[in-house]
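The structure under discussion appears below in the form of structure tokens.
The values are calculated or read from the model by the stated rules, or taken from the named source; none is laboratory data. Everything numeric in this text was worked out from a predicted model, so none of it was measured. Note that we place each Cβ from the backbone using ideal geometry, even for glycine, and neighbour counts take in every protein chain shown. Quick note on the areas: whole protein, heavy atoms, side chains included, nothing else; ligands and nucleic acids left out. Shrake-Rupley method; radii C 1.70, N 1.55, O 1.52, S 1.80 Å.
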Amino acid sequence: MKLEAAVDDLMGTLCADLERLARIPSIAFPGFPAEPVLEAHDLLVELLRGAGVPTVERLDLPDTSPVIYGEIPPPTPDAPTVLLYGHYDVQPPGDESLWESPPFEPTPLEGTEAGLRARGIADDKSNIIAHLGMLRAYGGRPPVGIKIVVEGQEEYGSAFDDYPPSDPERFACDAMVIADLGNLRPGTPTLTTALRGACEVVVEVRTLDEPRHSGEFGGAAPDALLVLLKALATLHDVHGDVAVEGLRREDWSGTSYTEDEFRELAGVVDGVPLVGSGSLGERLWTGPAITVIGLDAPGVEHAASAVVPYARAKLNLRFHPHQDAKEAQNRLVEHLRSLTPFGVHLTVTPGDTGPGYEAATGGPAYRAARAALKEAWGKDASFVATGGSIPLVNGLAKAAPGAEVLLFGAQNSMCNLHAPNERVLFSELRNTVVAMAAFVREYADGFAATDVTAQGGTGESRA
Ligand SMILES: [Zn+2]
């Protein structure tokens, strides 16, 4: 109760700081000014120093917004060190006419739930404020050593994604809290334990030198678009499940969305069924998904009556957290190369790959986090996975291979991340601060009683 009261006292200042931070359009994408990004950086450095972080450094990498690195030494030699992660850059606001209030003017939410609407207010500025709240709750002297890493170019990507393994000492820790996500839904405390991997593949078909009159040539001259569509149609079976051999698919044993909840989140049009079979967790997190994300073919508006000579599609494959990225990509490439619709061969080009991730959940940091989330929300934590990747997680896990990796935070799936009208709820932010503060306390207590060398950061599976 003492901790909760302390956090309640801090909430006014924390919300004011969040508002200040969210007013800064810190968009680290090409074509956007760099000054606001630096302004957000400077404000955060000031806030961290004010919260009692004695050492705050600036890490400059090529073509990368400055990374903030801060350290609070462990209070005793045997106390564990926790690395806190967040990012201060935000997505561009997109079409501003779709926003109910200007994206960089934090605006109170209408309705019963108190909160704020602004770009980046949830992703990820809410979580930086949660870290700050934890530090303030302990007057800058938490019961664990702290390393805090706040990057400024997460949304666009940067050289920092691959940097941590080259500087392992800096990132060495016993546990890390990657706070760039949050709860399955408001009020449901959630630990995200797995991330699907992702890769891209481009498939092309050339059948004619150029378009030919469909009346004179159609019927014998092969239509490149039809060839491509026949190939794409083999990627799924009649139920909508992925039909490519060798892509891992397993039961998901954690929590997931209800079907109604998912339909609403995805904005599925009335009367349209969901695709695939099995639980939603399996379809979304521990099974593969293939999406056609781009298609080059003549547009309907300017369509000529001609046989299409060339067509191209870009596919995005999401795969099981444990499957090797190259292996998964090869399965899709081989599947496509084996096809000859109407006897025509396809040109298949593998693109980028990003590995998946799955956390080991049996260690002392997980035990502490479960207790902390229960303390904050009053119910047991749910385990979920996510389809979206956080590239830095793998880099950090490589740099600190023995560390437990925890993913939780103040966002939730109703926050409109990367979409118009992004928002955060004060109740979720408050509970996240309580959870972070309770986590370091529980972890410090439990750590003393545990054999440190018995902790494993990777390898153990729960899904
Ligand atoms: Zn984010």
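Tabulated data
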item: Solvent-accessible area per residue for the chain (1.4 angstrom probe, square angstrom); result: 42
item: Hull shadow area, averaged, the stretch 220-301 [alpha-carbon convex hull, nm²]; result: 8.1
item: Rounded to the nearest 20 debye, dipole of the stretch 81-200 from Cβ charges on Lys, Arg, Asp, Glu; result: 680
item: Computed label-point distance, nm, for sites Arg58 and His236 using a 7 Å Cα→Cβ extension; result: 4.9
item: Carbon plus sulfur fraction of accessible area for the stretch 211-346, probe 1.4 Å, in percent; result: 52
item: Dimensionless Rg over Rh [the stretch 23-92; C-alpha; Kirkwood]; result: 1.05
item: Among Ser338, Phe447, Val275 the positive-end extreme of the charge dipole of the chain (Cβ point charges); result: Phe447
item: In nm, spacing of pseudo-spin labels at Arg141 and Val275 (7 Å Cα→C-beta vector); result: 5.9
item: Distance in nm between pseudo-label sites at Asp251 and His418 (7 Å out along the Cβ direction from Cα); result: 3.1
item: Kirkwood-based shape ratio for the stretch 294-404, expressed as Rg/Rh from alpha carbons; result: 1.19
item: About the Cα centre, charge dipole magnitude for the chain (Lys/Arg +1, Asp/Glu -1 at Cβ), debye; result: 680
item: Gyration tensor (alpha-carbon) shape descriptor, the stretch 365-437, a/c threshold 1.5; result: oblate
item: Stretchable slack from Arg49 to Ser166, in nm (0.36 nm times residue separation minus alpha-carbon distance); result: 39.5 nm
item: Reciprocal mean inverse distance between Cα atoms of the chain - Kirkwood radius, Å; result: 23.8
item: D_trans [Stokes-Einstein, Kirkwood Rh over alpha-carbon pairs] for the stretch 408-451, 25 °C, 0.890 mPa s, µm² s⁻¹; result: 200
item: Added length on full extension, which subtracts the Cα-Cα distance from 0.36 nm per residue, Lys398 to Asn316; result: 27.0 nm
item: q = 0.13, 0.18, 0.21, 0.26 Å⁻¹, the stretch 345-405: log10 I(q)/I(0) [Debye, one scatterer per Cα]; result: -0.52, -0.81, -0.98, -1.16
item: Cα long-axis angle, helix 364-377 against the chain (0 to 90 degrees, to the nearest 10); result: 80
item: Sparse-neighbourhood loop sites, GluC sites (Glu not before Pro) in the stretch 239-326 - DSSP loop, at most 11 other Cβ within 10 angstrom; result: Glu245, Glu301
item: Förster-model FRET efficiency, 51 Å R0, Glu204 and Thr13, C-beta, rounded to 0.05; result: 0.35
item: For the stretch 225-356, the fraction of alpha-carbon pairs in successive 10 Å shells from zero, as %; result: 11, 36, 33, 18, 3, 0
item: Mean ellipticity per residue at 222 nm, deg cm²/dmol - from DSSP H runs of n ≥ 4 across the chain, formula -39500 (n - 2.57); result: -9000 deg cm²/dmol
item: Per-selection metrics, the stretch 69-223 (Cα): Rg and Dmax in Å; result: 24.3, 85
item: Value of Rg/Rh across the stretch 229-275 [Cα atoms, Kirkwood radius]; result: 1.04
